[in-house]
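The values are calculated or read from the model by the stated rules, or taken from the named source; none is laboratory data. Keep in mind it's a predicted model, so treat the numbers as computed, not measured. Virtual Cβ from ideal backbone geometry, glycine too; neighbours counted across all protein chains shown.
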């Protein structure tokens, strides 16, 4: 019992949104060239690698000229036409050879993705594959090269060979099988008959059921049966092999039953948030549909000299211009980046950055605005018949904030907030009657030279009004601080009561935890007492 002492576990079966899987198996005749290879696990599971590494293998004797899997792959791609297909194989050499084979034998547009490529090259390959209009139909990945990449805009996966561990198989399928995948995953598995490949396919399919479902017991079964599995893959009596399959299947079913009965359904239901998750998703989707962020970012890009041009639907290319105002703007890449405000597009295009209010580019740009002098002072002409020409209004923006160690998490109680004050000539605060947006609709810009002359002439009259503005805004600030202190004290008291009750039944709750919590409360209250107002911006408005 207690915070951090309970494991909340969700299983895939309890989470909605995952696609179904459909298996297509293609047994193919094993070529004579492979039958002549030395016996061994590596040679048998990946014969193309062993064949090509032979010293007497010439350029004309490339393995892909006789391997039936290559001919099958070409026919399959032609049948699928422009459908995006992901091909995964164990080794980078195989991936590069397959790209050569498709180019020489079929002319099918393909790109390769392996661990020998740098990040930029991989991003370009992924973008070329993702391009619907001019991109490659097929992306050929090596085992290591595809780690951490998701291509869920595709739903056809070709397992050109099979990995030696079930976790690697699940990792391969996981490139496409993710929440948000809209189609059934089509798994295409070619293998050579009467070879270790055929037996490994049978092991994964019949013993582990790893193609059609996730296999949480795969690692345990591999450890348990691995010493018997490997020799039988290379050679062995058929009855002995079938006995191993049956035994492993029974053990898998037993382990899965243990996992299922070990679930705590109450914890699973509670960890779902009792409907809170759905409400949060709806709020996020509603925010995604708003245009305030794209409008703000276009203004920000213009202000800092960032060029933006259309990339495709819902996507932009950002590049620094010759008039870039601040080289520290967090663009992410001096050569430019591609961004999108569309969540679904970002999920399927890893070469695009998904821009939200929490994105480092947005946060960094806002920090540059707040920490610099840009926009801190302004002069504008206000067109309002109710105001006598020459009337001067003073708009002041203060920030109410607390500076404290991050460990106290005082931002939960007193987040930085802008407090606005709009003073007329008599010192009256009009902010409650005239909103910021209403005021903006009535403003016109003033030439910089004219603005400077006006400020110089009015400096003596404006300074006292600025000081008066802080007096007007201080009560609002004090009210925020008092509310923050009240909430902090209440939350701490509730937590102290919980830990005290928990300590009575759980000796692992130490007295030092209670002492530390009380000390944190006192320190937090003291820091909130020191919360201050900071004048952030001044705007002088002249009626005309």
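Results for (1) in a loop (DSSP other than H, G, I, E, B); (2) within 44 Å of the chain's Cα centre (by Cα); (3) modelled with pLDDT of 90 or more, shown as yes or no for each residue.
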position	(1), (2), (3)
388	yes, no, no
394	no, yes, yes
399	no, yes, yes
411	no, yes, yes
426	yes, no, no
433	yes, yes, yes
461	no, no, no
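Of all residues in the stretch 503-518, those satisfying the criterion of being in a helix (DSSP H, G or I) and under 38 Å from the mean Cα position of the chain (by Cα) are 513, 514, 516, 517, 518. Of all the numbered requirements in (1) out of contact with any strand residue (DSSP E or B) (no Cβ under 7 Å at 6 or more places or on another chain); (2) farther than 29 Å from residue 303 by Cα, residue 368 misses one, and that requirement is (2).
Being in contact with a strand residue (DSSP E or B) (Cβ under 8 Å, 6 or more places away or on another chain), outside any helix (DSSP H, G or I) and farther than 10 Å from residue 542 by Cβ is the filter here; which residues of the stretch 445-459 pass it? Passing the criteria: only 445. Restricting 378, 417, 386 to those that are touching a strand residue (DSSP E or B) at 6+ places or on another chain (Cβ under 7 Å) and over 27 Å from residue 527 (Cα atoms) reduces the list to 378. How many residues does the stretch 261-293 contain that are surrounded by 14 or more Cβ atoms within 10 Å (Cβ to Cβ) and either at pLDDT 90 or above or not in a helix (DSSP H, G or I) (or both)? Residues meeting the conditions: 3. Yes or no: residue 179 under 33 Å from the mean Cα position of the chain (by Cα), surrounded by fewer than 20 Cβ atoms within 10 Å (Cβ to Cβ) and assigned by TED's automatic domain parsing to the domain that holds residue 68? In short, yes. Pairing each residue of the stretch 340-361 that is not assigned by TED's automatic domain parsing to the domain that holds residue 289 and surrounded by fewer than 19 Cβ atoms within 10 Å (Cβ to Cβ) with any residue that is at pLDDT below 90 and not in a loop (DSSP other than H, G, I, E, B), provided the two are 6+ apart or on different chains, yields no C-beta distance under 9 Å. Here residue 487 passes the criteria (1) surrounded by fewer than 12 Cβ atoms within 10 Å (Cβ to Cβ); (2) assigned to a helix (DSSP H, G or I); (3) under 42 Å from the mean Cα position of the chain (by Cα) except the one numbered (1). Taken over the stretch 205-217, the criterion of being surrounded by fewer than 22 Cβ atoms within 10 Å (Cβ to Cβ) and part of a helix (DSSP H, G or I) is satisfied by 205, 206. If you check 534, 521 for being under 30 Å from residue 443 (Cβ atoms) and either assigned by TED's automatic domain parsing to the domain that holds residue 459 or assigned to a helix (DSSP H, G or I) (or both), only one passes: 534. Close Cβ contacts (under 7 Å, 6 or more residues apart or on different chains) running from residues in the stretch 467-486 that are assigned by TED's automatic domain parsing to the domain that holds residue 521 and at pLDDT 90 or above to residues that are surrounded by 14 or more Cβ atoms within 10 Å (Cβ to Cβ) and part of a helix (DSSP H, G or I) comprise 481/528; 484/528; 485/525; 485/528.
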